[in-house]
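In what follows, a structure is listed as structure tokens, so that the remarks can point back to it.
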Amino acid sequence: MRLGSGTFAACCVAIEVLGVAIFLRGFFPAPVRSSSSTEHRAELPAPEPLAGATSNWTERPSPLFSKVVVVLIDALRDDFVFGSKGVRFMPYTTHLVEKGASHSFVAEAKPPTVTMPRIKALMTGSLPGFIDVVRNLNSPVLLEDNVIGQAKAAGKRMIFYGDETWVKLFPKHFVEYDGTTSFFVSDYTEVDNNVTRHLDKVLKRGDWDVLILHYLGLDHIGHVSGPSSPLIGHKLSEMDSVLMKIHTSLLAKERDSVLPSLLVLCGDHGMSETGGHGASSAGEVNTPLILISSAFQRKPGGIRRPQRVQQTDLAATLAVGLGLPIPKDSVGSLLFPVVEGKPMREQLRFLHLNTVQLSKLLQENVPSYEKDPGFEQFKMSERLHGNWVRLYLEENRSEVLVNLGTKVIRQYLDALRTLSVSLSTQVAQYDVYSMVVGTIMVLEVLALLLLSTPQALRTEAELEVPLLSPAFSLLFYLTFLVLWAIHVIVCTSTESSCYFCSLSWPAAGGVMLLLSALLCAAVSALAKMCRARSLLRKL
């Protein structure tokens, strides 16, 4: 078979690009996404499950809070709040954590631990990938379903002060904003003063529903001096004063409000022992998450230890708190302590809406979703929930109803945990099979190019492949059969959910034929080179 040098090179480049694309598709798995539209339309929520009766709970639950304030302190590690530094430099926050009406958590931020992907995780509930590290330098508009977009569609008035990344991600969403840049890392004073200077004015007003503050000073100190710097303590004390001002103002405003308010303290990521971030060390991924509200019941006893949760859980919790739909792509679970003080029927309603959202996402992204333990737990929970509703509507207020409700809550929480882990695994794990196929294709083309370089440098590249020879035919068919057998075994295994297996059988067969042909061409070129050298030695 004779090929011109240009044609030969073009074919090799095309196959090389295909191999690289397959490899990258495995190295950067497609994120878990809902197939439904991302437009914020008034979709009807899933009705309350029933068993032989008619329910009147088909509407979306009302908001739990009148106002929500989110204070995000960039690079806030969990030990800065829950450790010795918190006790020393954040006494007001420590008091709220240990004895106040609050719920404390250690929220795990998945890598990459840089600002823009973490904001996306907090507001969408989804897990951004490493490609977002590049986008972090110039954040594009966030098109995924998110809490901010849902709040705007519901007519909520939102105000933002702080890191301008929010303004880039959510343009035209805030009725008032003032963005600050994060590139002047030597500035850790004015960058926060530009946020705090708005507080007195905005806290006196009542014309807003959501206030978001993003402080950058702590992150800048970490980059310049590290987490052991004396400046860290001064900055934590400053942030503690800000939290006290906001909290006392919200409590004073609640006297004229029907619903309580919610104050959220969180970090987007932590910082390493050298002050940087972006990787997966404990200091970088463990962040504090504190929810403060007079609606939360104070539990007597000793010091309460923070629970470990995922950072993505905040999106579902904020959506429920504001009476909004949970973002479609969220893989997070509702933080149950937030609704634990509500009547049991309302608790079950919130948990049901969250599990329905996660189960739909699982069905749209996992082909074998029916075998997933989380989906099975969800179906069981829904059946038990229906039985509970039937007993409730029959005005059965016996101990049986309470015990069954407690069982349903446990079942829902287990289902939420399992569904969340299953969906998170889809995003976090590498597609090894696709990576191997792409790597083999790239290496075969490289080998063919190296072996054919002498011919390719001439006017015409001659690549002689004895297609009709018995040896070539036997090698080709044996290679194809082995590759096809491996493909069938991998793709029919119960735990396989890779991209390459989602291709149609003819498309996958075409790739296997291409791999077999490339191998045989490389072997043929190598044999030809060996014969040529042998002839030269004889001469």
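The values are calculated or read from the model by the stated rules, or taken from the named source; none is laboratory data. Keep in mind the model is a prediction, meaning the values are calculated, not measured. No Cβ is skipped: glycine too gets one built from the backbone with ideal geometry, and neighbour counts run over all protein chains shown. Calculation scope for accessible area: heavy atoms of the full protein, side chains included, ligands and nucleic acids excluded. Shrake-Rupley method; radii C 1.70, N 1.55, O 1.52, S 1.80 Å.
Each residue of the range 101-110 in order: what ³J(HN,Hα) in whole Hz does its phi give by Karplus 6.51 cos²θ - 1.76 cosθ + 1.60, θ = phi - 60°, with x for Gly and Pro?
7, 8, 10, 10, 9, 9, 9, 7, 9, 6
What number, in nm² with one decimal, is the all-direction average of the projected area of the convex hull of the alpha-carbon atoms of the range 253-409?
Values: hull surface 54.0 nm².
The orientation-averaged projected area of the Cα hull of the range 253-409 comes to 13.5 nm².
Mind checking which lysines have their C-alpha under 19 Å from residue 538, skipping anything on the same chain fewer than 8 residues away?
528
For the range 304-360, what is the Kirkwood hydrodynamic radius in Å, using each pair of distinct C-alpha atoms? Each step should come with its number before you reach the end.
Numbers: mean 1/r = 0.0857 Å⁻¹.
Computed over Cα pairs of the range 304-360, the Kirkwood hydrodynamic radius comes out at 11.7 Å.
Where a ≥ b ≥ c are the square roots of the eigenvalues of the C-alpha gyration tensor, would you call the range 63-178 rounded, which needs a/c under 1.5, or, failing that, prolate if a/b is larger than b/c, or oblate?
Since a/c reaches 1.5 but b/c is at least a/b, the shape of the range 63-178 is classed as oblate.
When the chain is fully extended, how far beyond the present Cα-Cα distance does residue 85 get from residue 199, taking 0.36 nm per residue of separation? Display every interim value, and only then the final one.
Numbers: separation 114, 0.36 × 114 = 41.04 nm, distance 2.52 nm.
Difference between extended and current length: 38.5 nm.
Checking understanding here: applying a Kyte-Doolittle mean of at least 0.0 and a length along the axis of at least 20 Å (C-alpha), which whole DSSP H helices in the chain pass?
Values: long enough: 5-27 (32 Å, 1.70); 230-253 (36 Å, 0.32); 344-365 (32 Å, -0.47); 373-393 (30 Å, -0.59); 399-428 (43 Å, 0.51); 432-451 (28 Å, 2.36); 470-492 (33 Å, 2.00); 505-538 (49 Å, 1.03).
Going by DSSP H runs, the hits are 5-27, 230-253, 399-428, 432-451, 470-492, 505-538.
If I take every Cα pair under 8 Å that is 6 or more residues apart in the range 246-402, average their sequence separation and divide by the length, what percent do I get for the relative contact order?
Values: 118 pairs, mean separation 19.6, N = 157.
Across the range 246-402, relative contact order equals 12 percent.
On a straight-distance basis, which lysines could pair with residue 407 in a cross-link, Cα separation under 16 angstrom, same-chain partners fewer than 8 positions away excluded?
Partners within reach: 379.
Can you give me the Rg/Rh ratio for the range 192-298, using Cα atoms for both radii and the Kirkwood formula for Rh?
Working: Rg = 16.0 Å, Rh = 15.6 Å.
Ratio of gyration radius to Kirkwood radius: 1.02.
Scan around residue 69 for amide H atoms under 5 Å from its own, H built in the peptide plane at 1.01 Å from N, and keep only partners 5 or more places away or cross-chain.
The list, which skips near neighbours in sequence, is 211, 262, 263, 264.
As a test of understanding, state the convex hull volume per residue of the range 240-285 from its alpha carbons, in Å³. All intermediate terms of the calculation are to be shown ahead of the outcome.
Values: hull volume 4.0 nm³, N = 46.
Roughly 87 Å³ of hull volume per residue.
Sequence gap of 8 or more, or different chains, plus Cα separation below 27 Å: how many lysine pairs satisfy both in the range 164-307?
14
What order do you get for 414-421, 261-268 when each peptide is scored by the mean count of other beta carbon atoms within 10 Å, highest first? All intermediate terms of the calculation are to be shown ahead of the outcome.
Values: 414-421: 21.1, 261-268: 24.2.
Averaged packing, sorted descending, gives the order 261-268, 414-421.
On a 1.4 Å probe surface of the protein chains, which of 444, 370, 382 comes out largest in accessible area, and what is the full order?
Values: 444 25, 370 125, 382 45 Å².
Ranked from most to least accessible, the order is 370, 382, 444.
How much accessible surface area, in Å² rounded to 10, belongs to the heavy atoms of residue 89 with a 1.4 Å probe?
Approximately 50 Å² of residue 89 is accessible to the 1.4 Å probe.
Just for the Cα atoms in the chain, what are the lengths along the principal axes, largest first, rounded to whole Å?
Computed over the Cα atoms, the extents are 102, 65, 42 Å.
Treating the beta-carbon of each Lys and Arg as +1 and of each Asp and Glu as -1, no other charges, what is the dipole magnitude of the chain about its Cα centre, to the nearest 20 debye?
Numbers: 51 positive and 50 negative charges, 78 e Å.
Once rounded to the nearest 20, the dipole reads 380 debye.
In terms of solvent-accessible area of protein heavy atoms at a 1.4 angstrom probe, what is the ranking of 273, 364, highest value first? Walk me through the intermediate numbers first.
Numbers: 273 135, 364 80 Å².
Result, largest first: 273, 364.
Using a 1.4 Å probe, how large is the accessible area of residue 478, given in Å² and rounded to the nearest 10?
Answer for residue 478: close to 90 Å² accessible.
Can you give me the orientation-averaged projected area of the convex hull built on the Cα atoms of the range 382-449, in nm²? Mind showing how you got there, number by number?
Details: hull surface 24.5 nm².
That works out to 6.1 nm².
Based on the alpha carbon coordinates of the range 56-111, what radius of gyration and maximum Cα-Cα distance (Dmax) apply, in Å?
Final numbers for Rg and Dmax: 15.9, 52 Å.
What are the residues whose amide H is under 5 Å from the amide H of residue 110, where those residues sit 5 or more places off or on another chain and H is modelled from the backbone?
When sequence neighbours closer than 5 places are left aside, the close amide H contacts are 311.
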